[in-house]
Amino acid sequence: VGTADVASSGVSLPGSASDPGTEGVADTMHAGGASDPDVNAQCTAPELVAGTILDNAYRVIKRIGGGAMGPVYLVEHMHLGRRFAAKVVAAAHGTYPQVVARLRNEARVASSIQHENLVDVTHLGQTADGALFVVMELLQGHDLRHRLTEQSEQEGSTWLPDAETRRISREVLTCLHA
C-alpha cells in the first residue's frame, strides 16, 4: 500500500501491504493494532481453536493477537479463500449492553467509510456461544508504537523525523476527514 493504514488504534507504516495470505508473521499482523503482546494478557474470551467455523463462512486459522476487547484471529473465508482478521469480544465485555451497542455501531460506521488509510470492516457476527466478532481487512506491517520503539532504540529518542511525522499526520487527518 505504501501509506499508513489507520485503524482504531493501529497504524501500518510504509512498506506495509494488505496480507495476501501469508502465515508466520503474527507479530506484524494488525487488525486495529491487534498484535501488542502487553495487551494480549487482557483478553478474557475463551480461545477459539483452529478449524472453528464462524457464521458458516470463516474458518479460524490461529490467534494473532488481542486487546482490551478480546482476542484477534487469522481467519479464512471458506468460499473465497481470502484471509481476514476477526476480533472477538471478550465475554466480560459482551455482557454489557452499551459495549455491544458501541461495537455494533463502530463496525457499521467503519464499514461505511471507504478510505485507503482505514481498515476495512467486512462482517459482524456471533460465535456459536453468542460472543460478538468483527471481521476486518488483514494488514501486514508495524504499528506506530513499534515504530516509536524502533526510533528510540536506534536514535535514543521517540521523536520521529519531521518529514515522517508530517506524512503520518497527513495520512491520519485524511482518514479522519473521510
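The values are calculated or read from the model by the stated rules, or taken from the named source; none is laboratory data. Predicted model only: the values in this text are computed from it and were never measured. Counting neighbours? That spans all protein chains shown, and the Cβs are built from the backbone with ideal geometry, glycine included. Protein only, heavy atoms only, side chains kept; ligands, DNA and RNA dropped before computing areas. Shrake-Rupley method; radii C 1.70, N 1.55, O 1.52, S 1.80 Å.
Roughly speaking, to the nearest percent, how much of the stretch 96-146's 1.4 Å accessible area is carbon and sulfur?
On the way: 1450 of 2790 Å².
In the stretch 96-146, the share of accessible area belonging to carbon and sulfur is 52 percent.
Quote the charge dipole size of the stretch 64-178 about the Cα centre in Debye, to the nearest 20; the model charges only the Cβ of Lys and Arg (+1) and of Asp and Glu (-1). Can you show the working numbers first?
Details: 11 positive and 13 negative charges, 81 e Å.
Magnitude of the dipole: close to 380 debye.
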Where does each of 51-57, 81-87 land if you order them by average Cβ count within 10 Å, highest first? 81-87, 51-57
Heavy-atom accessible area per residue of the stretch 61-178, all protein chains kept, 1.4 Å probe, expressed in Å², is 55
Over all directions, the average projected area of the alpha-carbon convex hull for the stretch 56-148 comes to how many nm²? 6.8
Would you kindly derive the ³J(HN,Hα) couplings of the stretch 59-73 from the backbone phi angles with the Karplus curve 6.51 cos²θ - 1.76 cosθ + 1.60 (θ = phi - 60°), listing them in order in whole Hz, with x for Gly and Pro? 9, 6, 9, 6, 7, 10, x, x, x, 4, 7, x, x, 10, 10
How long are the semi-axes of the equivalent ellipsoid of the stretch 109-157, taking √(5λ) for every eigenvalue λ of the Cα gyration tensor, in whole Å from largest down? 32, 15, 8
Taking the Cα centre of the stretch 75-130 as origin, work out the dipole magnitude from +1 charges on Lys and Arg Cβ and -1 charges on Asp and Glu Cβ, in debye rounded to 20. 80
